[in-house]
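The structure that follows is given in the form of structure tokens.
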Amino acid sequence: MIPINAPQIGEREIEAVVKVLRSGVLTHGLGAGPMVRRFEEEFAKFVEAKHAIAVNSGTAALHMAVVAAGVKRGDEVILPSFTFVATAETVVMAGAKPVFVDINPETYTVSPEEVEKAVTKRTKAVIAVDLYGAPADMKSLREIADKHGLRLIEDAAQAHGAVYDGKPVGVYADLACWSFYASKNMTTGEGGMITTNDGELAEKLRLIRCHGERQKYMSTIIGHNYRMPEIEAAIGLVQLERLPSFLARRRENAETLTVKLCKAENLQLPREQPLCRNSWYLYTVRLKGASRRKRDAIVEQLKSKGIGAEVYYPWPIHMMPPYKRFRRLKLTETEKASEQVFSLPVHPGVKTEQVNFIAETVLSLI
Ligand SMILES: Cc1ncc(COP(=O)(O)O)c(C=O)c1O
């Protein structure tokens, strides 16, 4: 089976872990051990942010971002429904109400026009998602956020290495959230990071990461244990160095798929927007006009031939039982996309002959 994604772990990561184990420093009381601090510095440089705060998952990063943005009980946060559930979950965890809006059917990222329509007196923040590693329309969202005095959070969990308007994704957001889950473009096993240019927000995030403590056993605000262990940070430092080569290989695989699949008139292929570079976390195609049943049958056939195709996401969040009660605008494009898209593997472990096999198999089935 060619998996949809696979961690790329080598001897360097193994050595880095052993070194930490031998050092005896496995974590730090306030979440800022030597490896974590180095990883934060290097990651901040990579995404051109002033501050980076390492945490133990992308979900933790989102939760902390929502709380640091000042989102409280009764507030509304506007976000797409076509994303991984963590994006909405963390809003509910903060006691606030997610308000779901539709996507752009070309990019699958949140539609700025729909975001603006959803703003009310209770809106506190907007969360945009760089879905599949394709940057959201952050300039338009920044304008809307500024016009209405809202915080703008970017869920960049799938977008390490993506570029928007010539800059690393994240720069237009007040807070950008990253995941290092094992399937991601770079991994620490589990892990996450928040980047920001705002010193006050960074300070607040560091407090929330560790029980609200500036010094041990004296909480100044309500916090959590979202600390990243030293072993994870050590893996992250090696993965970050290797990331450019991972990204180049993903791009090569994606471009080969595009060349081969562009003759299929019933497939909508992923396309990079002007001045943007996709991180190619997933190569997602749409089977134009297809029903859910037809799309699912093709995914099953691909799997039976050893191709780990997957659907991200078969059920938009507003259709999941715990989220049905929240406000939403018209979600026509979201529901259509959830019935018609499927993703193909382009991770660095996929060899050129496998990419050719994937393309030929898709063409023979659609
Ligand atoms: C878009 C998106 N948001 C949030 C997350 C949550 O990240 P994690 O699994 O590290 O908690 C993920 C990854 O799984 C994701 O893909």
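Only the coordinates and a few stated rules stand behind these numbers; no lab work does. Note that the structure is a prediction, hence the values are computed from the model and not measured. Positions of Cβ are backbone-derived with ideal geometry, glycine not excepted, and every protein chain shown enters the neighbour counts.
Can you list residues from other chains, or at least 5 along the same chain, whose modelled amide H is less than 5 Å from the amide H of Val129?
Val110, Asp155
Related question: Select from segment 30-81 those trypsin sites (Lys or Arg not before Pro) which occupy a DSSP coil region and have at most 16 other Cβ atoms within 10 Å, ordered by residue number.
Details: sites: Arg37, Arg38, Lys45, Lys50, Lys72, Arg73; in loops: Lys50, Lys72, Arg73.
Passing sites in segment 30-81 are Lys50, Lys72, Arg73.
Starting at 0 and stepping by 10 Å, how many percent of the alpha carbon pairs of segment 1-125 end up in each bin?
Bins of 10 Å from zero give 11, 27, 31, 21, 9, 1 percent of pairs.
Extension gain Asp146-Ala264, at 0.36 nm per residue separation less the Cα-Cα distance, in nm?
On the way: separation 118, 0.36 × 118 = 42.48 nm, distance 4.20 nm.
Once the chain is fully extended between Asp146 and Ala264, it gains 38.3 nm.
Where a Cα-Cα gap under 30 Å defines reach, which lysines qualify for Lys117, not counting those fewer than 8 residues away within the same chain?
Lys72, Lys97, Lys139, Lys147, Lys167, Lys288, Lys324, Lys330, Lys336
Three principal axis extents, largest first, for the C-alpha atoms of segment 283-333, in Å?
Extents along the principal axes: 41, 23, 20 Å.
Kindly provide the chymotrypsin sites (Phe, Trp or Tyr not before Pro) of segment 141-221 that DSSP labels as loop, not H, G, I, E or B, and whose Cβ sees at most 13 other Cβ atoms within 10 Å. Spell out each step's value before the answer.
Numbers: sites: Tyr164, Tyr172, Trp178, Phe180, Tyr181, Tyr217; in loops: Tyr172, Phe180, Tyr217.
Within segment 141-221, the qualifying chymotrypsin sites (Phe, Trp or Tyr not before Pro) (loop, at most 13 other Cβ atoms within 10 Å) are Tyr217.
With only Lys, Arg, Asp and Glu charged, each at its Cβ (+1 for the first two, -1 for the last two), find how big the charge dipole of segment 237-326 is about the Cα centre; round to the nearest 20 debye. Please report the intermediate quantities before stating the final value.
Working: 18 positive and 8 negative charges, 66 e Å.
The calculation lands at about 320 debye.
Okay, next question. For segment 178-187, just list the computed ³J(HN,Hα) in residue order, Karplus coefficients 6.51, -1.76 and 1.60, θ = phi - 60°, integers in Hz, with x standing in for Gly and Pro.
Couplings: 10, 10, 10, 4, 4, 7, 6, 4, 9, 9 Hz.
What is the extension gain from Arg122 to Lys305, computed as 0.36 nm multiplied by their sequence separation minus the C-alpha to C-alpha distance, in nm to one decimal? Mind dumping the intermediate values first?
Details: separation 183, 0.36 × 183 = 65.88 nm, distance 5.02 nm.
In short, 60.9 nm is gained.
I need the calculated FRET efficiency for the pair Ala6 and Val85, taking r as the beta carbon distance and R₀ as 22 Å, to the nearest 0.05. If you can, show how the numbers build up before the last one.
On the way: r = 23 Å, r/R0 = 1.03.
That pair, Ala6 with Val85, gives E of 0.45.
Using Cα springs under 10 Å in a Gaussian network model of the chain, which residue among Ile231, Ile221, Ile298 shows the largest mean-square fluctuation?
With Cα springs under 10 Å in the chain, the top fluctuation among Ile231, Ile221, Ile298 is at Ile221.
Another question, if that's okay. Hey, got a sec? Which trypsin sites (Lys or Arg not before Pro) in segment 205-292 land in a DSSP loop and have at most 15 other Cβ atoms within 10 Å?
Working: sites: Arg206, Arg209, Arg214, Lys216, Arg227, Arg242, Arg249, Arg250, Arg251, Lys260, Lys263, Arg271, Arg277, Arg286, Lys288, Arg292; in loops: Lys216, Arg227, Lys263, Arg271, Lys288.
Hits after loop and neighbour filter: Lys216, Lys263, Arg271, Lys288.
Enter the mean projected area of the convex hull around the alpha-carbon atoms of the chain, in nm², rounded to one decimal.
Working: hull surface 71.2 nm².
Mean shadow area of the hull around the Cα atoms is 17.8 nm².
With +1 assigned to the C-beta of every Lys and Arg and -1 to the C-beta of every Asp and Glu, and no other charges, what is the dipole magnitude of segment 1-136 about the Cα centre in debye, to the nearest 20? Present the calculation step by step, with values, prior to reporting the outcome.
On the way: 14 positive and 16 negative charges, 135 e Å.
In total the dipole reaches around 640 debye.
Tell me which residues come under 5 Å, amide H to amide H, from Tyr164 once H is placed; ignore anything under 5 positions away on its chain.
Amide H neighbours of Tyr164: Val169, Arg277.
To continue, here is another question. With +1 on the Cβ of every Lys and Arg and -1 on the Cβ of every Asp and Glu, and nothing else charged, how large is the dipole of segment 8-54 about its Cα centre, in debye rounded to the nearest 20? Write out the running numbers ahead of the final one.
Values: 7 positive and 7 negative charges, 34 e Å.
I would put it at about 160 debye.
Expressed as a whole percent, how much of the Cα-Cα distance distribution for segment 206-360 exceeds 24 Å?
Details: 6505 of 11935 pairs.
Counting every Cα pair in segment 206-360, those more than 24 Å apart make up 55 percent.
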